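Structure record follows, encoded as structure tokens.
None of the figures in this text is laboratory data; all of them are computed from the coordinates on show. All values derive from a computational prediction rather than experimental measurement. Here the Cβ positions follow ideal geometry from the backbone for every residue, glycine too, while neighbour counts run over all protein chains shown.
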Amino acid sequence: MSDDPSHDTADRPADAVAGATTLIEALRILEEHDYGCQMIAREDGSFECAGCGTRTPANEFHVAGFHRLEGASDPDDMNLIVWGTCPCCEHGGVATIGYGPNAGEADEAVLQQLDLGEAEDGGSLDVHDVD
């Protein structure tokens, strides 16, 4: 193991959030890593930044990382947490997107466009599981 603190994996949001078992816990961890702004999925397939109001098409939003959660009492309660930086105001933002049977129209629209290919995986999720 390196003595260089820049190689400490606890400093990476994907590693820190990997152990989260609840949505609140994951959001708290991400906020500690400067991803505290809410990104809201919209039915036109965009994310709206709650900080500045700018809408960014999901296929243009750079996803820095993602994590999948399932409900403890209801496995059909499935959420994908994605985080990245708003291209306009540069705040770190987090979106919680439902998928599976409980996904809403906005969730579906965003998931159809979202590119997770380059993102850090904070959980065990095959990208094709949410398409």
May I ask you to compute the full-extension gain from D15 to E31, defined as 0.36 nm times their residue separation minus their alpha-carbon distance, rounded to one decimal in nm? 4.4 nm
Roughly what % of Cα-Cα distances in the range 30-93 sit above 19 Å, to the whole percent? 33 percent
Please order M78, M39 by the number of other Cβ within 10 Å, starting at the fewest. M78, M39
Tell me which residues come under 5 Å, amide H to amide H, from G98 once H is placed; ignore anything under 5 positions away on its chain. L80, G104
Along the range 21-32, Karplus-curve 3J(HN,Hα) (6.51, -1.76, 1.60; θ = phi - 60°) to the nearest Hz, with x for Gly and Pro, reads 10, 10, 4, 4, 5, 4, 5, 5, 4, 5, 4, 5
Order of I24, I29, I81 - criterion: other Cβ atoms within 10 Å of each residue's Cβ, fewest first: I24, I29, I81
